[in-house]
């Protein structure tokens, strides 16, 4: 396996990346990429300036997974969006390798932090299907993974749960925010 940049001129790689979004998110209940056109639009967006698109490919240049990064806050902070690994290739280190590659790229570009939102649209954590107000942070403190939600993968690669938007995707369907420091550790003088 090799991690490479996705280039707009490589239409085969772009099409594979778009197809992977559609195929792999279909079963999660997500409506983000319902068809190939939506997937292609997402990939094209990540091929713009100030963004990163990396693919994990095998020897035959088949996309096994890919990851995107979007620059925010004058480049100090980047959003990880999206991350997808082909079914049948999960739990083999591909997602971890993609995250590590993105972290290195962001740090090399002067970034300090990567953040992501990991939706719970289909009741896979203890945060979904309920009213989290008024004590949102207490619910977040006691988060439980009920059905293989990806927030635990992100914790394993060093991300920390740092927030939540209750009802972000409709009543009882929150978005869980996670962050990770990737730049040099700061020296605080106070």
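The values are calculated or read from the model by the stated rules, or taken from the named source; none is laboratory data. Given the structure is predicted, the values throughout are model-derived calculations rather than measurements. Ideal geometry is used to build each Cβ from the backbone, glycine not excepted, and the neighbour counts take in all protein chains shown.
Tabulated data for the structure shown
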quantity: Qualifying residues in region 118-140 (those that are surrounded by fewer than 17 Cβ atoms within 10 Å (Cβ to Cβ) and under 19 Å from residue 154 (Cα atoms)) - the one modelled with the highest pLDDT; calculated: 126
quantity: Residue 32 being touching a helix residue (DSSP H, G or I) at 6+ places or on another chain (Cβ under 9 Å), surrounded by fewer than 20 Cβ atoms within 10 Å (Cβ to Cβ) and either in a loop (DSSP other than H, G, I, E, B) or touching a residue at least 60 places away in the same chain (Cβ under 8 Å) (or both); calculated: yes
quantity: Residues of region 38-63 that turn out to be buried (at least 22 other Cβ atoms within 10 Å of the Cβ) and either part of a loop (DSSP other than H, G, I, E, B) or in contact (Cβ under 8 Å) with a residue 60 or more places away in the chain (or both), as a count; calculated: 0
quantity: Members of region 92-108 found to be touching a strand residue (DSSP E or B) at 6+ places or on another chain (Cβ under 9 Å) and either in the same structural domain as residue 177 (by TED's automatic domain parsing) or more than 19 Å from residue 74 (Cβ to Cβ) (or both), listed by number; calculated: 92, 94, 95, 97, 98, 99, 100, 101
quantity: Hits in region 106-121 - residues which are within 15 Å of the chain's Cα centre (by Cα) and more than 18 Å from residue 150 (Cα to Cα); calculated: 106, 113
quantity: The lone exception for residue 106 - which of (1) closer than 28 Å to residue 62 by Cα; (2) modelled with pLDDT under 95; (3) surrounded by 16 or more Cβ atoms within 10 Å (Cβ to Cβ) it fails; calculated: (2)
